[in-house]
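Trainee: Below are the structure tokens for one structure; questions will follow.
The values are calculated or read from the model by the stated rules, or taken from the named source; none is laboratory data. Fair warning: this is a prediction, and the values are worked out from it, not measured in the lab. Heads up, the Cβs are rebuilt from the backbone with ideal geometry, glycines too, and the neighbour counts pull from every protein chain shown.
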Amino acid sequence: MKEKINWKEVLLQPIFKGNPVTVLVLGICSSLAVTVQLEGAIVMGISVLIVTGLSSFVVSLMRNSIPNRIRIIVQLVVVALMVILVDQVLKAYMYSVSKALSVYVGLIITNCIVMGRIEAYALGNKPIPSLLDGLANGAGYALILIVVAFIRELLGSGTLFGVQIIPQALYEAGYVNNGLIILPPMALIILGLIVWAQRSIQKDLQEK
Amino acid sequence: MNTNGNLYTVIYSTVLVVLVAAILSFVAMFLQDKQNENVKLETISKVLSAAVQSDKSIKIDETTNVLELYASKITDAFYVDGNGKRVKDMNMGKENLNDIEVPTTSDLKKQNDLLKKIADGDKELTDRLELPVFIFDIAGNEIRVIPCYGAGLWGPVWGYIAVAADGRTIDGAIFDHKGETPGLGSKIAEEPFYGSFKGKTFSSGDVKFSVLKGDQSGNPNAVDAISGATITSQAIGRSINLWATYYTPYLQTVAAAFNQAAVSAADANEAGETTNNEEE
């Protein structure tokens with residue numbers, strides 16, 4: 001039995017219409033915690049993208065051999081492997097970012113998007129579509145992270161990538177960085193605004 | 001094939017775990033050198049940041065060549081035992097920057113284990129301590145940097161304390177941690193906390209230093225703790241106190257030499273002579 005895979009849907013669905021953060025509301029914890037600075041958010045987004053992609057791929061390769069009773073444990077071991085690999089590479093080559101992300105890289109393992117995609121997709125599909133599905137969901141997560149981090153760093157610190165964007169003259173005229181934006185509650189509010197914006201564009205997402 | 005049998009499940013999980021362990025050990029071995037180098041660079045930069053805190057003209061950021069700055073500022077680096085005796089030299093990297101030697105946090109942990117045993121009554125171990133001391137020349141002032149290490153809430157916390165030439169006054173301090181709660185305990189690494197150490201002194205009593213609740217501006221031997229991070233704050237206080245206790249013999253010789261030099265400088269001034277008396 002062969003099923004035709006709609007590649008476009010696999011790749012684009014998770015980025016907009018079925019975005020894991022704004023539509024499925026998964027992975028909220030880390031998207032609040034690591035979005036103070038754009039650089040950290042991008043590295044975190046890429047890390048999650050790599051982890052979801054590779055774990056989906058590997059689990060999909062193994063899907064017919066996994067004993068059903070220890071299915072979740074096997075998936076966890078694979079995800080943990082990927083997370084530790086990413087963590088080790090960051091520690092070796094991007095030490096300052098890895099320090100800034102602190103425990104959150106390790107906590108990717110608890111990110112519901114990773115396990116969610118493995119359970120929902122990789123266990124029942126071939127490796128290549130699973131890889132793409134994982135990557136696309138990671139990208140959907142990364143996209144939201146970057147948008148939130150952009151707003152938070154710009155309004156909270158007046159910088160982007162650590163470079164001052166808001167002109168000094170504005171500060172001299174009395175402009176002050178918004179300290180509240182740096183705090184996690186504001187990230188939740190920004191996230192809420194993004195969900196609101198998305199639902200008012202895509203009417204079919206609205207609950208009746 | 002029956003993938004639900006007991007034997008299959010056991011073999012499958014065993015093979016999987018061994019395989020994953022092998023991959024991880026291989027990667028860890030491969031990346032170890034690079035990671036250690038990062039950690040060493042960070043330690044050097046922490047020691048240096050503690051030392052230069054009183055000199056506002058020196059800023060340490062990502063663009064600073066930490067190794068070069070360290071080698072140019074340091075005048076002596078060595079280990080002392082619990083009796084204040086110098087036991088071993090540290091490479092300061094005067095010839096080759098890559099040779100700079102600093103104790104890692106795992107070295108500090110070993111010393112901390114010894115300190116705890118001594119505090120529990122095993123006094124003989126005092127001779128076996130190897131406590132690091134870094135001496136810097138910052139704008140003409142002799143600054144000594146000594147570390148401290150202890151258990152925080154989730155993992156180790158450690159720090160470097162800069163002591164002025166008199167062997168008592170704290171000139172600066174810097175702290176770091178493995179994984180204290182972000183936003184609460186992690187604030188020990190931020191300026192409002194470590195900045196409050198400047199100008200404080202080690203007490204000559206039993207408790208050398210503490211981190212206490214409430215405003216400590218009137219208390220020379222304590223700083224204010226961080227709200228919401230009681231355990232981390234207390235861990236810092238306890239570890240400074242423990243380490244300072246066993247640095248005391250050394251710091252007393254420093255203080256004695258400092259007073260001696262001050263007295264002889266005063267004598268020399270009275271006699272109208274110049275003197276080359278150096279501390280230590």
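Trainee: Among the listed residues A:Val83, A:Val89, A:Val97, which satisfies the condition of being within 14 Å of another protein chain (Cβ to nearest Cβ) and at pLDDT below 90?
Mentor: Criteria check complete, one pass: A:Val97.
Trainee: Looking at (1) among the polar types (S, T, N, Q); (2) within 26 Å of A:Asn68 (Cβ to Cβ); (3) modelled with pLDDT under 85, which is the only condition B:Ser57 fails?
Mentor: For B:Ser57, the failing item is (2).
Trainee: Looking at region B:61-71, is at least one residue within 22 Å of B:Asp176 (Cβ to Cβ), in contact with a Ser or Thr (Cβ under 6 Å, 6 or more places away or on another chain) and within 14 Å of chain A (Cβ to nearest Cβ)?
Mentor: Looking for residues that are within 22 Å of B:Asp176 (Cβ to Cβ), in contact with a Ser or Thr (Cβ under 6 Å, 6 or more places away or on another chain) and within 14 Å of chain A (Cβ to nearest Cβ), one finds at least one in region B:61-71, hence yes.
Trainee: Take B:Ile174 and tell me if it is free of Cβ contacts under 8 Å to residues at least 60 places away in the same chain, of a type in the set (Val, Ile, Thr) and surrounded by 13 or more Cβ atoms within 10 Å (Cβ to Cβ).
Mentor: Against the criterion (free of Cβ contacts under 8 Å to residues at least 60 places away in the same chain, of a type in the set (Val, Ile, Thr) and surrounded by 13 or more Cβ atoms within 10 Å (Cβ to Cβ)), B:Ile174 does not qualify.
Trainee: Return yes when B:Leu153 is closer than 24 Å to B:Leu115 by Cα and either within 14 Å of chain A (Cβ to nearest Cβ) or surrounded by 15 or more Cβ atoms within 10 Å (Cβ to Cβ) (or both) and no when it is not. Reasoning before the result, please.
Mentor: Details: closer than 24 Å to B:Leu115 by Cα: yes; either within 14 Å of chain A (Cβ to nearest Cβ) or surrounded by 15 or more Cβ atoms within 10 Å (Cβ to Cβ) (or both): yes.
So B:Leu153 passes the test.
Trainee: Pick from region B:7-57 the residues that are within 9 Å of chain A (Cβ to nearest Cβ) and polar (S, T, N, Q): which of them is surrounded by the fewest Cβ atoms within 10 Å (Cβ to Cβ)?
Mentor: The residue in question is B:Gln32.
Trainee: Between B:Thr104, B:Thr75, which is surrounded by fewer than 20 Cβ atoms within 10 Å (Cβ to Cβ), among the β-branched types (Val, Ile, Thr) and closer than 21 Å to B:Asp171 by Cβ?
Mentor: Every option except B:Thr75 fails the conditions.
Trainee: Condition (residue is acidic (Asp, Glu) and touching a residue at least 60 places away in the same chain (Cβ under 8 Å)) applied to region B:81-97: is it met by at least one residue?
Mentor: No: zero hits.
Trainee: Pick from region A:100-109 the residues that are assigned to a helix (DSSP H, G or I) and either of a type in the set (Ser, Thr, Tyr) or crowded, with 18+ Cβ neighbours inside 10 Å (or both): which of them is farthest from the other protein chains (Cβ to nearest Cβ)?
Mentor: A:Ile108
Trainee: On the given criteria, is A:Asp204 in contact with a helix residue (DSSP H, G or I) (Cβ under 7 Å, 6 or more places away or on another chain) and among the acidic types (Asp, Glu)?
Mentor: no
Trainee: How many residues are in a loop (DSSP other than H, G, I, E, B) and among the small types (Gly, Ala, Ser) if we restrict to region A:146-194?
Mentor: The total comes to 4.
Trainee: Scanning for something within 12 Å of another protein chain (Cβ to nearest Cβ) and outside any helix (DSSP H, G or I), does region A:68-77 turn up at least one residue?
Mentor: no
Trainee: Pairs under 7 Å by beta carbon, first residue part of a strand (DSSP E or B) in region B:211-231, partner of a type in the set (Ser, Thr, Tyr), six or more apart or different chains?
Mentor: Within 7 Å, the pairs are B:Val211/B:Ser233; B:Ala222/B:Ser210; B:Val223/B:Ser196; B:Asp224/B:Ser196.
Trainee: Report, by residue number, each residue of region B:79-99 that is of a type in the set (A, V, I, L, M, F, W, C) and within 18 Å of B:Ala244 (Cβ to Cβ).
Mentor: Passing the criteria: only B:Val80.
Trainee: Suppose we filter region A:181-208 for residues that are under 10 Å from A:Arg152 (Cα atoms) and without any contact (Cβ under 8 Å) to a residue 12 or more places away in the chain; how many remain?
Mentor: Number of matching residues: 1.
Trainee: If only one of B:Asn259, B:Asn269, B:Asn221 is exposed (fewer than 15 other Cβ atoms within 10 Å of the Cβ) and out of contact with any Asp or Glu (no Cβ under 9 Å at 6 or more places or on another chain), which one is it?
Mentor: Unique residue meeting the criteria: B:Asn269.
Trainee: Which ones in region B:50-104 are among the hydroxyl-bearing types (Ser, Thr, Tyr) and in a loop (DSSP other than H, G, I, E, B)?
Mentor: B:Ser57, B:Thr63, B:Thr64, B:Thr104
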